[in-house]
Amino acid sequence: MNDFHKKCAVSLFNGVWDLMEKQDRTPAETDAMIHMAHASRYHWEQVGTAVNLSRGEWQIARVYAISGRSEPALYHAARNLEICLSNQIGDFDLAYAYEGLARAYLIAEHLENFNLYFEKAHHASNQIEKDADKQLLLDDMKQLQIAAEKLG
């Protein structure tokens with residue numbers, strides 16, 4: 001049964017990435033992306049570690065953010081941060097937990113909270129060991145900053 005859960009978790013997680021990166025996603029694909037992210041997180045809960053749970057929550061928050069749905073994005077981004085902090089998960093995952101909250105607050109147009117978590121993500125980026133991981137975060141943050149500037 002554990003192999004089943006792991007295979008489902010990985011397959012669904014990767015499928016969500018494919019849909020997140022799709023430029024011309026249909027409403028049905030957006031719905032599928034959301035459902036797949038939740039299903040992946042469920043399967044990770046059966047067999048994964050705290051890091052897997054954190055990344056699952058991050059992915060759920062991201063799909064809601066790119067779907068323009070701030071309330072569930074905020075909820076799952078906060079859950080992600082809670083998992084990171086309560087399990088002493090740092091590095092890339094902690095920085096992205098802060099980035100996820102910044103992104104969710106940006107979607108909600110709460111710029112004060114966006115700025116708070118954006119700064120926390122930037123500070124946490126200094127603790128990322130792998131240069132490629134750090135650059136990925138900084139690139140995502142640059143896109144957030146551009147979007148925030150458009151809001152004013």
* **Net dipole in debye of the chain [+1 Lys, Arg Cβ; -1 Asp, Glu Cβ; about Cα centre; nearest 20]** => 200 debye
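Within a 10 angstrom radius of the beta carbon, how do ARG103, ARG69 rank from fewest other beta carbons to most?
Numbers: ARG103 31, ARG69 16.
By the 10 Å Cβ count, ascending: ARG69, ARG103.
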* For the chain, what log10 I(q)/I(0) values come out of the Debye formula at q = 0.12, 0.13, 0.16 1/Å, with one point per alpha carbon and no solvent? -> -0.48, -0.56, -0.86
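Which net charge results for the neighbourhood of ASN52, defined as the other residues with beta-carbon distances under 9 angstrom from its beta-carbon, given Lys and Arg at +1 and Asp and Glu at -1?
Values: positive: ARG41, ARG55; negative: GLU45.
Charge balance near ASN52 sits at +1.
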* Asked: If you line up the Cα atoms of the stretch 71-118 on their principal axes, what length do they span on each, largest first, in Å?
  -> 29, 19, 12
* How large is ³J(HN,Hα), in whole Hz, for each residue of the stretch 133-143 in order, when computed from phi with the Karplus curve 6.51 cos²θ - 1.76 cosθ + 1.60 and θ = phi - 60°, using x for Gly and Pro? -> 5, 5, 5, 4, 4, 4, 5, 4, 5, 4, 5
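FYI, it's all coordinate maths here, none of it is from the lab. Remember, predicted model here, so these are calculated numbers, not experimental data. All Cβ positions, glycine included, derive from the backbone under ideal geometry; neighbour counts span all protein chains shown.
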